[in-house]
Structures are given as structure tokens and as C-alpha cells.
Amino acid sequence: MSASNANTSKLIQVEYDDEIVRMFTMATIIWAAIAFLIGVFVAFQIAVWQLNFNTGWLTYGRLRPVHTNANIFAFAGNAIFAGIYHSSQRLLKTRMFSDFLGRVHFWGWQFIIVLAAITIPLGLTQGKEYAELEWPIDILVAFVWVVFAINFFGTLLKRNEKHMYVSIWFYIATIITVAVLYIINAISLPVSFSKSYIVFAGIQDALVQWWYGHNAVAFFLTTPFLGLMYYYLPKAVNRPIFSYKLSILHFWSLIFIYIWAGPHHLLNTALPPWLQTLGVIFSVMLWAPSWGGMVNGLLTLRGAWHLLRTEPIVKFLVAAVTFYGMGTFEGPLLSVRSVNAIGHYTDWIVGHVHVGTLGWNGFLSFAMIYYIIPKLWKTELYSKKLANIHFWLGLLGILLYYISMLVAGITQSLMWRALDNNGNLVYPEFIETVIRIIPLFYFRAIGGVLFLGGFLLLLYNIYKTMKLSSHDLKNETVQINATPQTVSLSEHGHRRLEGMAATFTVLALIAILVGSIIEIAPTLSIQKYIKPEKKVASFTPLELEGRDIYIKEGCHNCHSQMIRPMHSEILRYGKASTIEESMYDRPFQWGSKRTGPDLARLGKKYPDLWHYMHMINPRSVIKESIMPAYPWLAKKRTNFFGLRKKISLLNNMGVPYSEKELADADIMAEIQANEIAESLKKQGVKENVADKEIVALIAYLQALGQKGVQ
Amino acid sequence: MTILYIMIPVAIILASFFVYTFLWAVKNEQFDDLETPAHKILIDDWNRKS
Amino acid sequence: MCSQNYYSDCIHCGKAIAKKENALVNDNGNIFCCWGCETVYKILKKEHFSLINKPHTGSSEYDILDNESFLKDYVVLQDGKQGMRFFVEGIQCTACLWIIDQIPHWIPEVENVHLNMSQNTLFVSLRTPGFFGKVVSTLAALGYKTYPIKNPDEARHFQKKENHQQLMRLGVAGACAGSIMLYSFSLYAGLKGQMAVVFQYITLAFFLPVFFYCAQPFYISLWRSLRARRPSIDLPIVLAVVIGFVLSVFHLIQGRQDFYFDSLSVLILLLLASRYLLSRTQQKFLSSSYLLSFFESQICRRWNEVHQAYEKVSAHYLNTGDKILVEEGERVPADGEVINEWVNINPSVLTGESLPQKLFKGAKIYAGTQVVSNDAEILIEHTAGSSRIGKILKKVEEQIYNKTPLISLTDKASQYFTLFILSIGLLFFFFYSFVDITEAVRRTLALIILACPCALAFATPLTQSLSLKKASKKGYLIKNAESLEKLSKVTNAFFDKTGTLTQGQFEFLQWRPPHGNESDNFMPDKETINAIYSIELHSQHPVARTLVKQLGKMCDKKLPVHSLKEISGVGISGTVENNHYKLLPALLDNGNDDSDIIASTVAVYRNEILVAYACLGDRLRDDAKKTIAELKKLGITSHIVSGDKEAPVQNVAKRLDLANDGIHSGLFPEEKSTLVNKVPNSLMVGDGVNDSLAMSSCSIGIAVQGSVEASLVAADIYSSKEGIFPVLDLTLLSKNTLSIIKRNLVISFIYNFTAGIAALFGYISPLIAAVLMPVSSIVIIISTITGTKFMRNFNK
């Protein structure tokens, strides 16, 4: 390639920032190993309850959020960033806007992950799925995300390529939407540095949570990965995407439909029927663009199917796209109300989710890693054979995982619903429906082991590949033949960004204003949707403390508090839950999975002693229980002191508390605790547990379902 | 359900943002040639080979 | 892989190649889809590195591109740099893109190249002027045919803007309709109370952009058609939209439940989408008329008095009185007078006659004719625009504009239907308003909205665009959807002879023995062939030229000729190796040979004894007979209209079993046109400018492979395929398309009728209407896509 007369030449040298890609890629691999390891560990914990080794922070309820967060934000997040930093520079033919912002983004993100890994096992959680992080970390997340956004949009502005490839569009949608949804869902008022209450309560919180939760799937685990697919799939097979037009159509239709599918996570609950119907309709509509995308991806291999035999990268990609198709087919199916009635709260959903994460996100990331590493370390992959074995192990693992969970879910669901000729439950004891599926938990764990085993091969393979590489890793440099148009783009990029900064500031101001309204509006209008005569009483200070302990221990990971309006559920648990009953719940406790029974109407069902014994050792009251023991609850002291602040904060947010409760919350709590301790003592508990957490928790459990005005 | 009074405006703002970007993209001639870009992403690798 | 539609895969990019003709085979027998792949394959195999470093370009053929006169029309200035747009043939895949991207590296004066693969256009900008020719010759060396394109004129610029407008309307309509559906579904699903009211106002808010912005094209086209006093299909659409909107707003204010925002916005979205697709499909075909400009941009040599030499200029800049040189094989760019001794020309473009003509000094020579032997020096009398061919083309253009547009079946149907529905609605409203005025309003509106022929309105364009797309895949370019409809009604087909029914080339056909009728493989002896060749070499007569061309392959040596003598007319005589030969024109019965159209026969005498006949002429196309027979089965009568003499035309007619009254010979282009014009529902099939007037004046014209440049202006359909079989293919396609349209009409009438009755009886609520409308549309779409068996198998 000759640039013979360099003087007249407008060839620009562009040196890509490959270092940041290498950093994110390494982070992806490291965090993936940890996330998968925890996944396997918690999978075994469900099968073998002893595996928490009687340690609070090793218990399933606390580790499960670590596992989900590690996979979504640490593994998938870093993979997305690696892919975006790698592909965007090449698609836009320019270096990233700022190396510094890139480093801030990288180290900020890793710092957040470390903080999450420390705080969540400690029980510092907001108790919302995929949004467990406490408010200081949330602010950090928002900050790092904005840094990322500035870096990305800055790059976009100084690009040397006029056209924005479809992947870029997917990245833009990701950055914008995730920012908005994450921030709205995380709006909370702090009690202390490590504890806060979500401003939304009950059904409001449920809606926002699943609006966010669904879009975490849509805009964190789908759109960015689609962007990656549209870049790495054509690159890997050296063929243009089957139909570029279709990919553009895919993008725009996804963007406008995705955001509305959230309510399908709340089917058959106390959510108003019209909203449920809406969620169903828009979920079913999603099927078309999703499959359009899948078909587009698969057809790109036309005439190149032979690569599937030899190239592990192509194997991973094709499998990933196929899993995307499976997942996006199953999703709308599960959104149909009657199917949802079977699948919801069971392991089927767990299986469905893992098809997406292991199959689609996992395999696509592996393909990307196998593609990027040799390119950036300027060498060949150490062993294709190992990568092939990785593929087959992983595939087997996913299938084993999915099938066992599907069978477990349907089996258990059918048992929950089974009625005999007299109209009574065939399996009135919840534990019966658990025992039946325990073998499948082992199969699931084995599936996880296979998947992890495959990944360890990747680890070894990549390690060896890096060893092969020379230590002098230069950034890739390309010559760009810039047109006047693109030159002006890149020269004015900075200036335009500054110009945009003004606009940005105004927009931010508006956002803050809107944000303030958001914070105030629900508190003002909280009671408006509930008729005065239907109001429920709020939790007493002690019960509130018990509730916070319940959330801290992650009980909501296995227990729902939402009796669906279905005959068998009403028979099993009592009257269907109403919106009013959870009107003060921060966060809401409708749950998403029942490893144990629903607790919405648990109060007064058992004596205090039963609860006491159940916490110390569940098997003392239910012989076959798989719930871990929580003996430390009887040792840890209740923090009565913090209650005043909590009560006054909640009161400000619209929860009615009397003057007395506001003034003497801690004293009132202590009084109630003493009463419970007294009764426990009468029933034979030797120790005085009045100031222990277990008493607060018992108070809360006994209050469940007791506050509603009938 | 009052939360919808917040979620709806937010959704509408988001949607308007995307409609606006769509209009910008059409005017910017981003969608005038929907064939070349698919090929273009492949050729940087070839350049390196030669 | 379907065996018929598959030949091989490109060895480099793996793209499937449908037909053998499209494949490129290199010296090693590898198969490629395009030159780009071939080149890149070489590089990757490191066989031919020098080529990629810089393609060899010695030719100065394209230097004209950098002449002042040429640049004036073609160059675009961008920041003071010259740029030019080209149409590049043969762009296939990524390899082509890569190859073309290398140009700035080979020619450093090139600043940038931008290839648009969806239009096959290339934009080249230069650092230093004067290198466009080099770019084109480089591309030519790589195997790409490249034509410069004139600056995008107002029209093209406007079209681009219009496309953007359409897409933006579509996008806004999509986003708004989606949102409206969201909120309306909530209402249908049972949302009540204060929030329901909010949702209703939100749907109104989303409908406003649809109403005022997206639906604009309908208002404009309705306004136009009303001014032309023709009710159009947009009438019911606009009526429904406006009435629906006003009533919905009215109901909203009154606090009632009946809204039509959802159905109306979906209606507009679907209509916009189908119209957008249709117009994009059509534009894609028309963009091939880029070629037209190249015809005008032909390069010719003009005598420059100052330099005393010929210089290359664009045909565009010739003036009356200029002296030009036209070389063998080129077309004459202007009408004028021959000023050198003699020239042989092929006048078929004007007369359709296949026999070359010899013109002597002082003879008139017309633009468009092709010089076949000897170079011609011409003094220009009329330049392109005022030349004979120019006038014909101008007339053609006028004809196109004067053609009364056929009111299509669906348009007519929907007009009647609209009027019918409106009157029913009014009648119903009038009588029912005595019973219950609110209910009367509700039901009447439900009727109008339901009965709005929306399925009709977009199903027809959809069906048509589908057919057009299928046709284009097969290599038929159809200018507009109306052509398809007209084609299905054709009862009389007129065929041009030369170049349409026949191959259109004057060539040597066969030898005939002196006595007796037929004997296969008869050939005169070697000695005679050598002698004929040697003698004919000395003649400039076209027949002689053709013979020389043929005999050159057979004869061994050129012999000296003595006592050479031209015999008046077309004869020549001479002595070779002591034998006296005489070559004279002769008349010969054609016999019953199946495909040869003998136009001229030469009798060969040796020493005054007849030894052989050499037959020259044209060949009938292989598929002509079968196609004409098949057309007859479809009830289409075929005719021949030719500018050629009677004998060869009769000859062709006899072979095709055509009745005598359907044969017209010796016609001028103008006469052809009058003739076909008299017959209603006529189809003209032709190949050149001489047919163009006829093609434009009959109901529909099909240009079969020939001169694309001229034909496409006049013809409605252009077939890039060899032969006239496409005529049958297209006729069948059009008939099938029409049958699908009719089927859709029936379905939508049944739907409208039932739903209309139901609406009048008050059974249709907004919810049912909202569901019914898309359902009926989906049924129509399915009916369209499944189509007929013929349509499904069309491309197989």
C-alpha cells in the first residue's frame, strides 16, 4: 500500500486503542470464571442445603444475587464493553474519544463489581432483582455509565465513517435505555449509608421493577449482544450479513416494542387485568422481529456452512443465534396467560433464563473472546481442538440444565395444581412437591459443572494463546482515506461535543426536574388509587425491622408473597392477594420464584415457637425441608436504634404512623420484642432472645396477611 | 397505578428520542444505501492481508 | 439448491451463481461471480501480485473524460475538488468493493472513491484534475464497465428528497400507530376511570402527527385528482380519516367511548408502507435508465482546424457544419453528409432492414446508424436533437405524456364501491336518525370505516410490486405496475421482424448445391473457396464483406487475382489460377429450411458453369414459433410489422404460420405507429428505435434485447433475455397477477359486505372493528403472497 506523495495525501493514521479492549476482555474472562463458579455453587446449594456451612454470607439467599449480578454486570457487562470498544473503533474508523474516560470506565466498573461482591453477601441489598446494589453504588453505576456514554458518543461524533453500521445503533439504544431505566428503578431515599427505601411501593414498585427488569434483559442482554452479533458473525464467516435492510428493520421494530413487554412478569398477579393483557400482546408481538434477527444471522452462513464443521467460533455463533431464537420463542409463549400460570414461580423460568444467558450471551461472548484474543495478541489460537471440546461441553451443559429445569418446573407446577375428586389438593404439603424434583436439581448442577468445565478449557486455551504471543503488543494502526466530510466530522467532533454539552446540561436539568417530580408524585398520590375503606395498617416498628432482616437474608429469593387468583393457590394459601395488601411494601415482595411456599398469608398460621425452631433448624419442624438453617439470627442483636429514622422516613413517604410511633419507635419495638420473647420463653425457649434478630423476623412473619382490612 | 403517570411520560420521551434519531438518520442519508455497509465492515481485514 | 437455478458457487466468496453465462472462469478453471473475486482470489493465492499493485492501463481511450467540454456537464465540485459519478456494471460482492477501494492507492491523484452497491454507482473525487479517464481505464482493466453519469438533476434530487420524506412519514406513522395501539389495547382490555381518560387523550396526541403529517400524501393526491375531476381511491381513505378524526375528537370531548384513532393510524401506516415499497421497487428499475445518459455522452472525433487533427469530444457538443470521423463499429452521432469516398452502414436502427447499405460521397447519413466497414467522414447537418432519430425520440416522449392513463380495475372498483357505500351510509343515516340520532352516527361511521377499501387499496399495489419484483429477478424491467395490467388485456401482438423475430444479424448462412434442392453439408471444393475469398477481398460491397468474414475462417491462402472486374449491381468477376470466376446475385427459393431467412444469394460460376450458391441473411429466433403458437392459445393474434421488403417478411410469416393479412412490410417507423395505433389493446414487440414510436403508441410495448438505450424510453417493459419467449412469460405473469388482484377484490368485497351489514345492525364495536381491519388485511396479504401456482414457480 503506497502513499507515494505523502504531502498531498489526506491519509490519516488512526491508532486504535486496543489496550482498553484487552483490559475488558481479560476482565470478562476473569469475572466469567467467578460468576460461573458461584452459579455452580448455588446450584448445588439448592440440592444440598448444608452447603452454606452455617455461614450467613455463604447462604443461598445472599449468594444468588451475587451470581445474577456477577453474570449480568460483571461477565456480560465486561463482554459488552470489550465488544463495543473493539468493534466501534473499527466501525467508526477512529480511536475512542478519550483514553482517560475509557480507563475511568474500566476501573470504575471493576470497582463497582468488587463493591457488589462485598456488599451483597453482607446483606446490604435493596432487595430488587438485578437491582440489588445499595444507593451509593447505584450512584457510582450511574456515574460510570455516563462516563461510558460520553466516551461512546464522543467517538461517534469524531468518526471517520459517515454511515453508522447497524451494530452502532444497537449500542446507542443500549446506552440510552439502560441509563434511563436503571436510574428510575433505583430512585430511593437513604436511611443510612448502607440502607435505603425505594420511593415506589407495592404495585408501583412491581411495575417499575419489571419495567426495568424486563429491559435489563432487553437492553442489557439482548440489544448490545445483537449489535455484537451483527459485527462478529459476518466477520467470523467473512460474509456480509444476509440482509442489511432486515437488520435495520430488526433494530427499529425491537426498539419500539421491547419497552412495553415488562408487565408479562406480573401475569396472574394482583396487577390490573388490562395491564396484564397489554404485556401479553406486546410480548407476543416481539416474536416477529426477534425471529427476523435470528433468521438474518443464520442465513448469513449461506454457502459457508462448511465452516461450521471446522471453526469453533462459527459453532459458538450459530449455537448462540439459535439459542436466541429459542429464547425469544419461549418468552412470548410464557407470556401467554395460561402458559404463564404453569411456568411462573417454577424452575421453568429459571431454565428459560439460562437458555438466554448461557446459550445466547455466553456462547456469543465465547465466540467473541476466541475471535478477539488472537487478533489483539497478534497470534493464532493455541488449540482449535480445545475450543471445539469447550463448545460441546458447553452445549451439553446448557441442554442438561434446560431440560432438567423444564421438567422440574412443569412437574412441580402440576403437583401444585393437582386436585382430587373431592376438590382437595392432592399434595397439600408444599414439601412434597419439592422432594419430587430434588434429583433434577442435581442434574441442573451437573449441567452447570459441564458448562463451567468447558469454560475452564477456554481459560487454559486463552492462557496458552497469550503465552504464544510476543510481549510487545502494539495497538492496531490503520490508514484512513478521509474525505473532507469525514475530516470535518473528526475535527469538529470536539467542538460539537462542547456545543452539545450545553444542550446536555439543559436536558440534565430537565431530567433532574422530572426526577424530583418523580420522587414527589408517588408520595403525594400513593393512596389515591386505593379506596379509603380498603386501607391496610402499616407494619409496627419491630415488624418493619423484621422485614428488613427478611430482605437482608434474601428470603425473597425463594419465597413469594403473592397468592394468584387461581383455585389451587387459594386452596393452598388462602384468599388471593390484593393490591392494597402490599401498598406499603418497599420493595414489593411479589417474588419471581417459589423454591419454598408462598408466605403472603403466613401470619398466625403457626405459633411463634414454630418459627423459632424453623429458623434455628428447619428440619426440626419439617423433616425433609431443604431450607438452610439460620442459627445466627438468634445471636445477632436487633438494631432498635435505627428504627426512629426509618419510621420517620417512611412516614414522610406516605406510610401512616402515629405520633407515638414516630417519637418512640425504638421503645415500642422493644416492648413488642419483649412480648414475643416472653411467649417464646413460656413455650420453652431457654435463652432470652428479646433483643435478637430472630424475634423481629418472627414479628414480621406473624404479621403477614394480618394487616388487610377484609 | 399512579406510577404510570411517570412511566408513560418517560416512555414517550424515550420513544420521541428514538423517533427523532430515526428522522435524523433518514435526513443524514444513513439509510440511502443499505447494501455497501454490510460489505464494508469486512474489508479492513483484507487490507491487512495484502 | 434448486438445480435449475443453480450453476456453481463462486470459489472466492461462495455466492451462488445461477447461470453459466454469469460465471467467470479463469485460466485454472476456477469459477467466480465477479472480477473482484477473481482478482482478490489471485492476491490471496499470491499468484499475481503485480496486478494488484497497479493494474496495467495503457489505453488512452477514456481521456475524453477529462476534456473541458465533458467535465462541464459531468463534474461536481466539492470543496474545490472535482468529483464525478459513474455507473459501474458487474458489482457483485465484497471483493468488488475492496478492489474499487484500492483505486486511491493506485492513482494517488484520486482523493476518494465511494461505491454505492445498492445503486451500482461510484463517486470519484480527485486531488488534481485530469484523472477521471485513468480511473475508468483502470476499472476497465479490472473488468468493470463504467459509464459516467450526469450530475443529478433537479428531478433526481427531488426524488431523493421525496424518498426521505416517504420514509420519515412511514417511521413516524409506525411509531405513532404502535403507541396508539398500546393505549387503545389498554382501553379494550378493560381500563376504566380517570386513567382511561388520560389514555384517550394520549391516543389523540399520537394521532395528530399521523393526521397532519403522515397522511399528507393522501390529501395532496386527492386534491389533484379532484381537480382533474376524477374520483380516486384516496377519496374514501381521506373521507374515513377526516370523518373518523372529527368524530373521535367529538366523542372524546363528550366523554364517550368510540374512537377510531387506532384503526385509522394502522390504516395509514399500512397504506404508506405498501406505497413506499411500490415506489422503491419502481425506482430501482428506472435507475437503469442511467444508461440513457451514456448514449448521449458518446465520444466522437471532431476535426479541429487549428490543430489540423481530430480531437475527441462528447457528442453533446457537436454543431452543424462540424466535420467528424466515425470509425468502423461506431454509431453515427448526428445527421449529415458523407464526405469521404464510400462507407457501409447498418441502417437497421431506423428501417429495421438487416442488409447493410453502401453510401457514397454526398449521400445522407443518419444519426443512430452504425458504420460497419470503412471509416466515415461526415459533415454535420443536424445535431442529435434535431436529427431524424432525435425527432422520433422526441415524438415518443410526447406520446408517453399524451397516453391516456388507463383507469385501473381496482381504482374503478373502489370508485363505484365508495360511491355505493357513501350513498348507503347516507340513506341509512337519514332514516335511522329518526330512530336514534347518536346511534345513527355511530353505525354510519362504523360502516364507512369498515368499508373503506383499505385492503383493496394496498393489496393491489402489493400484488403488483410482488410481480414486478419477481419479473426483475428474471431480467424483465417493467416501468410501472399499470403495464402489467394492460398486458393482461392484450388481444393483438405486433412483432417487429429484424432483431425481434430474427436474430437481426446479416451473416453467412449456408452453401447450396447448383442443382437439386437440398443436400446437407454441401460445400464447394477448397480451390473454389480460396478463389472466392481472394476475389471478394477486392470488393467493398456488404455482401462481399460478409462473405470474406466467413470465408476467412475456411480458406487456406490468398491467391493473386487477374482481370478483376466489377459487374454493375452486385457482381464481380476475376481470374484465379487460370480459372475464371464470376459472382452474381441470384434469386433462390428458400426451400423449407426452418430457421434461415435468406436475404441475399450469390451464384458462383467457374468458367461460366454454376458451381454453388452462397446464401446470406438472417436467422429466425429459436423460440419464435413456439411463442407465437402459445400466444395464439391465449387468444392473442400475432402480426408482423417490418420496415424490410416484402419477400423476407413473407418468408418469416410462412415459417411462423401467420395469416397473410397480419403481415405488413416496407413500413417506415411512422407508418408502423399509425398501424398499431388503430388496433385497441395492442402489444408491440420490438428491438430498436425504428420500433420505438410504435411501442409507445400502442397500449403496451415490450423491448426485447437490443439497444437498451433507445428502447427503454419507448417501451413499457424491457427484457434483458435472449429471444421473444419473455413475451409469453410476461403475458402469463400479468394474467396471473390480475387474477390474484381479482381474488383479493372478491375477498375484500365479501368482507366489506358482511362487515357493512353487521355495522348497520350495530354489531360492530370499535374493538371488533379494530380487530377486523388488520385481520382482513392479513387475509389479503396471505392471499397475495401465496399467489397462484404460476407466480410461485415463476422464478424457478
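With the structure loaded, tell me whether A:Ser658 is farther than 22 Å from A:Cys555 by Cβ, surrounded by fewer than 16 Cβ atoms within 10 Å (Cβ to Cβ) and of a type in the set (S, T, N, Q) or whether it fails that test.
Numbers: farther than 22 Å from A:Cys555 by Cβ: yes; surrounded by fewer than 16 Cβ atoms within 10 Å (Cβ to Cβ): yes; of a type in the set (S, T, N, Q): yes.
Against the criterion (farther than 22 Å from A:Cys555 by Cβ, surrounded by fewer than 16 Cβ atoms within 10 Å (Cβ to Cβ) and of a type in the set (S, T, N, Q)), A:Ser658 qualifies.
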Exercise. Can you tell me which residue within the stretch A:630-683, out of those that are in a loop (DSSP other than H, G, I, E, B) and of a type in the set (Gly, Ala, Ser), is farthest from A:Tyr60 (Cα to Cα)?
Key: A:Ser658
Self-check item: Filter result (hydrophobic (A, V, I, L, M, F, W, C) and under 16 Å from A:Tyr60 (Cβ atoms)) within the stretch A:550-580
Solution: A:Ile551, A:Cys555, A:Cys558
Quiz item: Any idea how many residues of the stretch A:276-317 are in a helix (DSSP H, G or I), of a type in the set (Gly, Ala, Ser) and crowded, with 16+ Cβ neighbours inside 10 Å?
Solution: 6
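One line per residue, one yes/no per condition, for (1) in contact with a His (Cβ under 6 Å, 6 or more places away or on another chain); (2) part of a helix (DSSP H, G or I); (3) surrounded by fewer than 22 Cβ atoms within 10 Å (Cβ to Cβ); (4) within 11 Å of chain B (Cβ to nearest Cβ):
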residue	(1), (2), (3), (4)
A:Asp138	no, yes, yes, no
A:Ala142	no, yes, yes, no
A:Trp145	no, yes, yes, no
A:Phe152	no, yes, no, no
A:Leu156	no, yes, yes, no
A:Glu161	no, no, yes, yes
A:Ile168	no, yes, no, yes
A:Tyr171	no, yes, no, no
A:Ile176	no, yes, yes, yes
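Scan the stretch A:613-625 and give yes if some residue there is in a loop (DSSP other than H, G, I, E, B), crowded, with 20+ Cβ neighbours inside 10 Å, touching a residue at least 60 places away in the same chain (Cβ under 8 Å) and not assigned by TED's automatic domain parsing to the domain that holds A:Ile437, otherwise no. So that I can check it myself, show each step before the final result.
Here is the first cut: in the stretch A:613-625, the residues in a loop (DSSP other than H, G, I, E, B) are A:617, A:621-625.
Narrowing further to those that are crowded, with 20+ Cβ neighbours inside 10 Å: none.
Within the stretch A:613-625 (the criterion being in a loop (DSSP other than H, G, I, E, B), crowded, with 20+ Cβ neighbours inside 10 Å, touching a residue at least 60 places away in the same chain (Cβ under 8 Å) and not assigned by TED's automatic domain parsing to the domain that holds A:Ile437), the answer is no, since none of the residues qualifies.
Determine which member of the set A:Phe256, A:Phe251, A:Phe316 is closer than 21 Å to A:Phe219 by Cα and modelled with pLDDT of 90 or more.
Values: A:Phe256 fails: modelled with pLDDT of 90 or more; A:Phe316 fails: closer than 21 Å to A:Phe219 by Cα.
The match here is A:Phe251.
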Quiz prompt | Filtered residues of the stretch B:1-29 (kept if of a type in the set (Ser, Thr, Tyr), facing chain A (nearest Cβ under 7 Å), in a helix (DSSP H, G or I) and surrounded by 17 or more Cβ atoms within 10 Å (Cβ to Cβ)) | solution = none
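Where in the stretch C:74-150 are the helices (runs of 4 or more DSSP H), entirely inside, with at least 1 residues that are of a type outside the set (Phe, Trp, Tyr) and over 23 Å from A:His163 (Cβ atoms)? Give the steps one after another, and end with the answer.
Details: elements: C:94-101, C:103-106, C:132-142.
Ranges flagged: C:132-142.
Assess whether C:Thr500 counts as being at pLDDT 75 or above, over 29 Å from C:Trp342 (Cα atoms), surrounded by 22 or more Cβ atoms within 10 Å (Cβ to Cβ) and of a type in the set (Ser, Thr, Tyr). Break it down stepwise before answering.
On the way: at pLDDT 75 or above: yes; over 29 Å from C:Trp342 (Cα atoms): yes; surrounded by 22 or more Cβ atoms within 10 Å (Cβ to Cβ): yes; of a type in the set (Ser, Thr, Tyr): yes.
So C:Thr500 passes the test.
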Quiz item: Of all residues in the stretch C:702-748, how many are more than 28 Å from C:Thr786 (Cβ to Cβ), in a helix (DSSP H, G or I) and modelled with pLDDT of 80 or more?
Solution: 0
Quiz item: Going by the conditions given, is C:Gln166 under 30 Å from C:Leu419 (Cβ atoms), more than 14 Å from chain A (Cβ to nearest Cβ) and either under 33 Å from the mean Cα position of the chain (by Cα) or not in a helix (DSSP H, G or I) (or both)?
Solution: yes
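Restricting to the stretch C:714-750, name every residue that is farther than 30 Å from C:Ala694 by Cα and surrounded by fewer than 21 Cβ atoms within 10 Å (Cβ to Cβ). Give the derivation first.
We begin by selecting, within the stretch C:714-750, every residue farther than 30 Å from C:Ala694 by Cα; these are C:740, C:742-750.
The answer is C:Lys742, C:Arg743, C:Val746, C:Ile747, C:Phe749, C:Ile750.
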Quiz item: Conditions: (1) modelled with pLDDT of 85 or more; (2) surrounded by 19 or more Cβ atoms within 10 Å (Cβ to Cβ); (3) within 31 Å of the chain's Cα centre (by Cα). C:Ile220 meets all but one. Number of the miss?
Solution: (2)
Exercise. Scan the stretch A:203-239 for residues that are in contact (Cβ under 8 Å) with a residue 60 or more places away in the chain, over 19 Å from A:Gly83 (Cβ atoms) and within 11 Å of chain B (Cβ to nearest Cβ) and report the count.
Key: 8
Quiz prompt | Which numbered condition C:Leu139 fails, given (1) away from chain B (no Cβ under 13 Å); (2) over 29 Å from B:Val26 (Cα atoms); (3) modelled with pLDDT under 80; (4) in contact with a Lys or Arg (Cβ under 9 Å, 6 or more places away or on another chain) | solution = (3)
Quiz prompt | Within the stretch C:171-216, tally of residues that are within 8 Å of chain A (Cβ to nearest Cβ) and surrounded by fewer than 15 Cβ atoms within 10 Å (Cβ to Cβ) | solution = 1
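The values are calculated or read from the model by the stated rules, or taken from the named source; none is laboratory data. Remember, it's a predicted structure, so these values are computed and weren't measured experimentally. Here Cβ is always computed from backbone atoms with ideal geometry, including for glycine, and neighbour counts include all displayed protein chains.
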